[in-house]
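Worksheet for the structure shown next.
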Amino acid sequence: MNKPPAATTMRRDTRSRGAVLGELERTRARIAALRAEELGLLARADAIAAEQTARVPSAAGREREIPLREMAAEVAGVLRRSDRVMQNRLHDATVLVTGFAATVAALRAGAIDIAHVRLVHEAGARITDADARARFEQAALVVCERETPGRARPIIAMIAQKLHPVPLEERHAEAVGQRRVWVRDLDDGMAELAAVLPAALAYAIHDRLTQYAREVAAARRGAGSAEPPDTATTGAEPADTDAADTDRAAPASTAAEDTDPAGTGPAATDTRTADQVRADVLTDLLLTGHASTPGPHAITARVQIVIPAATLTGEGTAPAELLGYGPIDPDTARRLAATSDLWERVFTSPTTGAVQHVDTYRPNRAQRRHLDARDEHCRFPGCRRPVYYCDHDHTIDHARGGPTALCNLANLCVRHHTLKHASAWTVIQKPHGILEWTSPTGRVYTDIPRRVLEFTALTTTEHPPPF
């Protein structure tokens with residue numbers, strides 16, 4: 001029996017505005033209650049792992065980490081998430097259930113939603129004194145029950161600052177140890193580079209980028225100096241909270257701010273905004289050490305790219321792939337290929353998409369090249385650790401007669417290599433490099449090489465790929 005189109009179903013829906021709003025409110029409350037139930041289940045899973053850990057002798061060293069890793073991997077399999085992420089979520093759930101019981105109760109009652117819970121947890125987790133934390137939670141819930149998460153965030157942060165028994169100076173000294181840099185994937189061939197730094201240094205870096213951007217603009221105009229852009233755009237006045245907030249929220253400055261009024265100088269051909277110039281300067285400084293256009297050999301990082309043959313020669317326009325990220329534009333792929341010291345040709349099956357052969361001039365490395373091309377990352381379900389941080393693991397242990405053959409090898413990161421050998425997780429390898437993992441409770445999770453999975457998915461669409 002065919003289902004009616006979605007548009008037809010919507011037209012048949014005769015609920016009034018009041019009915020819709022009432023149902024939305026009830027649905028939100030049900031979702032919040034389920035979120036609270038999920039937190040309780042995650043906290044219980046964490047407690048089970050802790051009970052198992054307590055039975056491991058304290059002198060066992062790293063073996064005491066296995067129960068929690070095993071549980072996190074099991075929960076990750078059920079929820080289709082990374083086990084590293086789930087290990088943190090197990091801990092966070094325990095902190096919330098045991099340390100912020102009133103917040104979880106408010107979530108269960110539908111008085112707040114999960115975004116409010118995250119705010120309370122983030123701001124209050126650093127308050128270790130039980131009495132101070134209870135006062136903070138009570139005050140924070142008053143705010144959460146009346147404000148949106150966006151509006152509640154600065155208020156809750158200020159409440160935490162005022163009620164925290166440890167002086168800010170001491171907390172800052174500890175927080176400095178958490179500084180880090182990371183990358184988050186975005187769409188359309190872009191990525192976000194972010195860093196956690198002391199606020200003074202972060203603002204100083206932004207200010208220096210702004211100064212470089214002004215110098216670039218001045219040089220392009222052929223002038224000796226440049227009028228500074230609006231501080232609401234540059235964020236050069238960190239002491240002014242409103243200005244800093246405007247910097248984050250306002251649209252980018254127009255190109256006219258960085259060009260001469262008459263539009264007759266060299267800057268007339270430069271349409272970059274001030275924000276774009278700052279981004280370009282940051283890239284130049286990190287890759288070349290100076291604020292100028294980087295040369296063709298500025299990037300020396302290890303990069304693995306898969307380029308269709310027609311795209312490489314310029315005859316085709318199919319996107320190339322940056323392994324670990326996704327599609328990139330053909331021009332970028334060809335430019336990086338032109339500066340590469342080594343090329344490899346990967347032949348894939350026209351019927352399954354599986355990697356069949358990899359050209360190489362070093363036969364003693366052929367198996368590793370094949371595995372790296374096939375796997376691309378750690379082959380434990382959900383893990384994306386790149387292959388160059390992985391081990392070539394024997395699916396059937398070599399000591400137990402497992403051959404050193406492609407059908408018995410797979411890339412595993414150290415974390416999951418250890419989990420495979422030190423816990424009740426087991427794995428078998430099927431044709432085309434497909435791994436079948438079995439958890440300690442008997443659940444089976446299949447990990448398919450990305451190319452085989454992609455090929456299978458494409459062949460089920462209305463327009464199969466042109467082979």
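The values are calculated or read from the model by the stated rules, or taken from the named source; none is laboratory data. Not measured: the values here are computed from a predicted model. Note: ideal-geometry Cβ built from the backbone for every residue, glycine included; neighbour counts use all protein chains shown. We work out accessible area using only protein heavy atoms, side chains counted, and drop any ligands, DNA or RNA first. Shrake-Rupley method; radii C 1.70, N 1.55, O 1.52, S 1.80 Å.
Before moving on, here are some points about what is shown:
- A320 long-range amide H proximity, modeled H, under 5 Å: I328
- Once C-alpha pairs closer than 8 Å and six or more residues apart are averaged by separation and normalised to the residue number of the stretch 1-145, the relative contact order reads 25 percent.
- A simple packing score, the average count of other Cβ atoms within 10 Å per residue, orders the peptides 107-115, 212-220 as 212-220, 107-115, with the highest score first.
- Estimated vicinal HN-Hα couplings, Hz - the stretch 183-199 in sequence order (Karplus 6.51, -1.76, 1.60; Gly, Pro = x): 10, 10, 5, 10, 8, 6, x, 10, 8, 10, 9, 10, 8, 10, 9, x, 4
- For a modelled paramagnetic label at V95, 7 Å from Cα along Cα-to-Cβ, the residues of the stretch 127-161 in reach, with backbone nitrogen under 16 Å, are 127-130, 133-134, 136-137, 157, 160-161.
- Local electrostatic count, Q138, Cβ distance below 13 Å [Lys/Arg +1, Asp/Glu -1]: -1
- Length-normalised contact order for the stretch 74-129 - Cα pairs under 8 Å, 6+ apart - percent: 20
- Modelled FRET efficiency - R0 30 Å, R171 with A29, Cβ distances, 0.05 increments: 0.25
- Calculated FRET efficiency, A59 to Y389, Cβ-Cβ distance, R0 = 25 Å: about 0.25 to the nearest 0.05.
- Take every Cα pair under 8 Å whose residues are at least 6 apart in sequence, average their separation, divide by the length of the stretch 67-170, and the relative contact order is 20 percent.
- For the peptides 66-75, 386-395, the ranking by mean Cβ contacts within 10 Å, running from highest to lowest, is 66-75, 386-395.
- Summing charges over all other residues whose Cβ lies under 14 Å from the Cβ of H121, with Lys and Arg as +1 and Asp and Glu as -1, gives +2.
- Taking label positions 7 Å along the Cα-Cβ direction at both T352 and M190, the computed distance is 4.0 nm, reported to one decimal.
- Per residue accessible area in Å² of the stretch 105-180, where ligands, DNA and RNA are left out and the probe is 1.4 Å: 61
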